[in-house]
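Novice: After the structure tokens below, expect a handful of questions from me.
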Amino acid sequence: MFLCADCREILLPTMTDQLKYHLERQEDLEACCQLLSNILEVLYKKDVGPTQRHVQIIMEKLLRTVNRTVISMGRDSELIV
């Protein structure tokens with residue numbers, strides 16, 4: 001579903017809101033990392049239509065939260081590779 005640009009347009013705002021909610025509360029970090037990774041992998045593909053706007057949405061909504069989460073985790077976290 002996420003491969004279709006029209007579906008992404010609908011799903012991405014909700015997904016990023018949910019990711020932000022859980023990351024800010026330090027909940028389900030492994031699942032959040034996996035979901036964000038999967039989203040970015042799809043957006044990196046060449047055959048999924050325009051992605052620049054979707055990457056911009058992720059940057060605007062999640063970059064600060066992801067940075068804060070990583071900083072708070074410390075270097076010994078198994079989620080940091």
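Novice: Under 20 Å from a point placed 7 Å out from the Cα of residue 46 along the Cα-to-Cβ direction: which residues of segment 1-21 have their backbone N that close?
Specialist: Counting only backbone N, you get 3-5.
Novice: When only DSSP loop residues count, what trypsin sites (Lys or Arg not before Pro) in segment 1-63 have their Cβ near at most 10 other Cβ atoms within 10 Å?
Specialist: 25, 45, 46
Novice: Follow-up. Set Lys and Arg Cβ to +1 and Asp and Glu Cβ to -1, take the dipole of the chain about its Cα centre, and tell me which of 35, 51, 1 lies farthest positive.
Specialist: 51
Novice: Let me ask you something else. Magnitude of the Cβ-charge dipole of the chain, K/R +1 and D/E -1, about the Cα centre, nearest 20 debye?
Specialist: Here the chain has a charge dipole of around 300 debye.
Novice: Moving on. Please report the base-10 log of the normalised intensity I(q)/I(0) for segment 6-81, using a Debye sum with one equal scatterer per alpha carbon and no solvent, at each q in 0.14, 0.16, 0.23 (1/Å).
Specialist: Rounded to two decimals, the profile gives -0.46, -0.59, -1.09.
Novice: For residue 10 and residue 75, what does the FRET efficiency come to when R0 = 30 Å and r is the distance between their Cβ atoms, rounded to the nearest 0.05?
Specialist: 0.20
Novice: Subtract the Cα-Cα distance of residue 31 and residue 17 from 0.36 nm times their separation in residues, and report this length gain in nm to one decimal.
Specialist: Fully extending the segment from residue 31 to residue 17 adds 3.6 nm.
Novice: Which length gain, in nm to one decimal place, applies between residue 63 and residue 38 when the Cα-Cα distance is subtracted from 0.36 nm times their residue separation?
Specialist: 7.4 nm
Novice: What percentage of the solvent-accessible surface of the chain, computed with a 1.4 Å probe over protein heavy atoms, is contributed by carbon and sulfur atoms?
Specialist: Numbers: 3350 of 6010 Å².
Reported share for carbon and sulfur atoms: 56 percent.
The values are calculated or read from the model by the stated rules, or taken from the named source; none is laboratory data. As the structure is a computational prediction, the values presented were derived from the model and not from experiment. Quick reminder, even Gly has a Cβ in these numbers, built from the backbone with ideal geometry, and neighbours come from all protein chains shown. Just so you know, the surface numbers come from the protein's heavy atoms only, side chains and all, with ligands and any DNA or RNA stripped out. Shrake-Rupley method; radii C 1.70, N 1.55, O 1.52, S 1.80 Å.
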